[in-house]
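The values are calculated or read from the model by the stated rules, or taken from the named source; none is laboratory data. Since the model is a prediction, treat every value here as computed from it, not as a measurement. Using ideal geometry, Cβ is built from the backbone for each residue, glycine included, and neighbour counts are taken over all protein chains shown.
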């Protein structure tokens, strides 16, 4: 049975003043499936086209922290899945941010996350 989920595309904006961005991951939350996960993929060459001086290692490390937050590591320890999702999608002015939240229906949120990453990021 397909149930609702929410997702947001994770975007890298290496030079915030220019507003240029690339999609670097997807964050997916399904309350009914008790599921929250992020999958990321950083295309280094695309990032460096936007900003040749971008700190790729720092951006990769920050992307890893999105996945850690989903699993309850670090500052998100003790937070419920929905709280973690809302925290990650909250507006921010940093190199990494979440795009608008969208809705969908899926029977398997993990498979849907992989499909969305392939469609929107890779």
Checklist outcome for this item: Note on segment 21-73: residues touching a strand residue (DSSP E or B) at 6+ places or on another chain (Cβ under 6 Å), surrounded by fewer than 15 Cβ atoms within 10 Å (Cβ to Cβ) and over 14 Å from residue 11 (Cα atoms) are 32
Checklist entry - Any idea which of 48, 28, 36 is closer than 21 Å to residue 122 by Cα, assigned to a helix (DSSP H, G or I) and modelled with pLDDT of 95 or more? => result 48
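Hey, can you tell me all the residues within segment 4-25 that are part of a loop (DSSP other than H, G, I, E, B) and within 14 Å of the chain's Cα centre (by Cα)?
13, 21
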Checklist entry - Within segment 63-122, which residues are touching a residue at least 60 places away in the same chain (Cβ under 8 Å), part of a helix (DSSP H, G or I) and out of contact with any helix residue (DSSP H, G or I) (no Cβ under 7 Å at 6 or more places or on another chain)? => result 85, 89, 109, 110, 112, 113, 114, 116, 117, 120
Checklist entry - Right, residue 43: on the phi > 0 side of the Ramachandran plot and modelled with pLDDT of 95 or more or not? => result no
Item to check | residue 42 vs. criteria part of a strand (DSSP E or B) and under 23 Å from residue 119 (Cβ atoms) | outcome: no
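Pull up segment 94-122, narrow it to residues that are under 16 Å from residue 24 (Cα atoms) and loosely packed, with under 12 Cβ neighbours inside 10 Å, then point me to the one that is modelled with the lowest pLDDT. Reasoning before the result, please.
Going residue by residue through segment 94-122, those that are under 16 Å from residue 24 (Cα atoms) are 94-101, 113-122.
Keeping just the survivors that are loosely packed, with under 12 Cβ neighbours inside 10 Å gives 94, 100, 119, 122.
On the way: 94: 82, 100: 97, 119: 97, 122: 92.
Only one residue tops the list, namely 94.
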